[in-house]
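The values are calculated or read from the model by the stated rules, or taken from the named source; none is laboratory data. Not measured: the values here are computed from a predicted model. Here the Cβ is made from the backbone with ideal geometry for all residues, glycine too, and neighbour counts use every protein chain on show. When the accessible area is computed, the model is the full protein with side chains, heavy atoms only, and any ligands, DNA or RNA have been set aside. Shrake-Rupley method; radii C 1.70, N 1.55, O 1.52, S 1.80 Å.
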Amino acid sequence: MKKALVSGLTGQDGSYLSELLLEKGYQVYGIDRRVAIEDAKQRYSRIYHILDKIKLYSGDIQNYARVFEITNEIKPDECYHLAAMSFVATSFEDEFTVLRTNIEGTVNILNILRKIAPDCKYYFAGSSEMFGKVLETPQDENTPLNPRSPYGISKCAGFQFTRLYREAYNMFCCNGILFNHGSERRGGEFVTRKIAKGVAEIKYGLRKKIKLGNLEAKRDWGHASDYVRGMHLMLQQPKPDDYVLATGETHTVEEFVELSFEFAGIKNWRDYVEIDKDLFRPAEVNLLLGDASKARRVLGWEPKISFKELVERMVKSEINILDLGK
Ligand code: G4F
C-alpha cells in the first residue's frame, strides 16, 4: 500500500485528492493545523465522510520539529504540499503570515523530505497567480513569472525552491501551476463561492444584494475534482517536471455572476449586485488564460467539467443547502 502525506488535507483540493488517493488504495495521512472550532462536523465538513479512512496528525507546517516527527513516522512515498494561506486579498493585509506559511512552510517540508525521505515524490501547489501582470497570453510552463501580490510572490518562491530541490538534490519534485478551480467545497471568501451563496440567498429572500469588487477580471476556472487528478498523474511519471493545469477558456467575474443568476432563475442580475470599492485589490491580475497542452500530451490529463457546469453545480449546491435547512 502506497503512503501519501497531504498538507492542507482539510481544504477543497485536499478533500478531493484524499478521495482519489483512497480510491486508488493509498494510505492517506494529513497534517492538520489546530483551529478553535470544536464542532468536528463543521471543522471537517469537506472530509467528514472519509474521516475514519484517513489519519490526521495535528501540526503546523511552520513548525519544523513537528513536521519532521510526522514525516519520520509515516515515511511517505508521495507528498502533496497543498497547505497555504491561499486568499490573495488577505495577502496584501498580512504579508508576514504569507511569507511564513507559504515560503517557510514549503522549505520546511522540502528540507525534511531531503533529510529523511529523499525518495518521496513531492508535489507543490504552484499557482497561475505567479503570472500576475501577464507577459504573454495564453500562459504556459515557459511564460515568465511576474507576480502582483504577496501571495503570488510567495508561490513563486515555493515554485523555485521545488525546482531547486529537483535540480540540486536530484529529488522527484513537481510543480503544478494550477489555474483557478472552484467547486461546491470552495471556501466562502473566494469570489465563485461568494457569488453562488449570495445568489441562493437572494433567491430565498435571505438577502437583497451581493457586494463585489472588480467584475472585469478574467479567470480560467475549472472544477477542483479535475485538477487533483492532474496532481496525482504528475507524480506517476518517469521523470519529475512542471505542468500547467487549466481549461483554456477565460471568463470575466461578471460572466460568472450573470450565469449564476440565470441558473437560479433570477432576472436582471444588476439589480442585486453592488460594487464596493473596498473589495478592489491594490494590484489586480487582470487576465489569466492557461495553455495545458503539455499536461494533455504528457499526462493524458484533461478537464471534464466545463465552466457552465461548474457554475451550475455551485449554484445548485447552495440552493440545496438552503432547501435542506428549511
Ligand atoms: O476568487 P478570487 O479571490 O481568486 P484569485 O484571486 O483569482 O485567487 C485564486 O486563484 C489562484 C489561482 O490563480 C489561487 F492560487 C488562489 O489561491 C485562489 O484560489 O478572485 C477572483 C477575481 C479577482 O480578480 C478579484 O479581484 O475576482 C475578483 N473579485 C471581485 N469581487 C472578487 C470579489 N474576489 C473576491 N474574493 N471577493 C469579491 O468580492
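Quick notes
- Selection count where residues are open to solvent by 30 Å² or more (accessible area, probe 1.4 Å), near the ligand (Cβ under 9 Å from one of its atoms) and either more than 25 Å from Val285 (Cβ to Cβ) or outside any helix (DSSP H, G or I) (or both), scope region 159-196: 4
- Matching residues, region 227-255, being surrounded by fewer than 23 Cβ atoms within 10 Å (Cβ to Cβ) and either β-branched (Val, Ile, Thr) or closer than 22 Å to Val315 by Cα (or both): Glu249, Thr250, His251, Thr252, Val253, Glu254, Glu255
- Selection status of Val253, farther than 25 Å from Glu23 by Cβ, among the hydrophobic types (A, V, I, L, M, F, W, C) and either at pLDDT 95 or above or within 18 Å of the chain's Cα centre (by Cα) (or both): yes
- Scanning region 135-143 for any residue that is under 14 Å from Leu178 (Cβ atoms), open to solvent by 10 Å² or more (accessible area, probe 1.4 Å) and away from the ligand (no atom under 12 Å from the Cβ) turns up at least one such residue.
- Residues in region 16-50 that are open to solvent by less than 70 Å² (accessible area, probe 1.4 Å), farther than 21 Å from Lys75 by Cα and assigned to a helix (DSSP H, G or I): Tyr16, Ala40, Arg43, Ile50.
- Extreme residue, farthest from the ligand (Cβ to nearest atom), among residues of region 252-283 that are touching an Asp or Glu at 6+ places or on another chain (Cβ under 9 Å) and under 24 Å from Pro150 (Cα atoms): Thr252
- Flag if Lys121 is within 17 Å of Tyr64 (Cβ to Cβ) and either out of contact with any His (no Cβ under 9 Å at 6 or more places or on another chain) or modelled with pLDDT of 95 or more (or both): no
- For Asp220, the criteria (1) surrounded by fewer than 20 Cβ atoms within 10 Å (Cβ to Cβ); (2) of a type in the set (Asp, Glu); (3) within 12 Å of the ligand (Cβ to nearest atom); (4) within 30 Å of Ala4 (Cα to Cα) hold in every case but one, which is (1).
- Answer residue from region 197-217, given it is of a type in the set (A, V, I, L, M, F, W, C) and near the ligand (Cβ under 10 Å from one of its atoms) and is farthest from Phe280 (Cα to Cα) among those: Ile210
- Selected residue (only one of Arg229, Arg270, Arg313 is in a helix (DSSP H, G or I) and more than 27 Å from Ile202 (Cα to Cα)): Arg229
- Some residue of region 223-232 being over 30 Å from Glu23 (Cβ atoms) and not hydrophobic (A, V, I, L, M, F, W, C): no
- The conditions of being within 27 Å of Phe179 (Cα to Cα), away from the ligand (no atom under 16 Å from the Cβ) and surrounded by fewer than 22 Cβ atoms within 10 Å (Cβ to Cβ) are met by Asp60.
One line per residue, one yes/no per condition, for (1) out of contact with any strand residue (DSSP E or B) (no Cβ under 7 Å at 6 or more places or on another chain); (2) of a type in the set (S, T, N, Q):
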position: Lys209; (1), (2): no, no
position: Leu215; (1), (2): no, no
position: Gly222; (1), (2): no, no
position: Ser225; (1), (2): yes, yes
position: Val228; (1), (2): yes, no
position: Met234; (1), (2): no, no
position: Asp241; (1), (2): no, no
position: Ala246; (1), (2): no, no
